[in-house]
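Worksheet: one structure, shown below.
All of the numbers you see were taken from the coordinates with simple rules; none came from a lab. Owing to the predicted nature of the structure, the values given are computational and were not obtained by experimental measurement. Neighbour counts run over all protein chains shown; Cβ positions are idealised from the backbone, glycine included.
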Amino acid sequence: MSSDLIPFAGSGLTRQDRRTVTSVRDAQLPAKCATARIQAAAIAAHSGLVCTEALTALEVQAVKRQGAVIDDRARAIVDTYAGLVTTELARLSLRGE
């Protein structure tokens, strides 16, 4: 049995305290969700940029070794990857509320 004077068993919180905790938790939820989306986007963007940079460097090396023969294909590969990164970031932003 609980009342405002007798805490819930084992919790040490009164009914009003539990309502306050629940209210605060519910109020913080949208901000926590937004923070998680922002951090996920930052991780995805960082990964995409690092990999695009590495692929671009490989593209330059390939062109130096192979000449103009590989230039268009190497550029297409890197550009396609960069497009994939952009698409995934857009999808991530669209999942937010």
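When the charge dipole of the chain is built from unit charges on Cβ atoms (+1 for Lys and Arg, -1 for Asp and Glu) and taken about the Cα centre, the candidate among VAL21, CYS33, LEU55 whose Cα reaches farthest toward its positive end is VAL21. The packing ranking, built from the mean of other Cβ atoms within 10 Å per residue, places the peptides 43-52, 23-32 in the order 43-52, 23-32, highest first.
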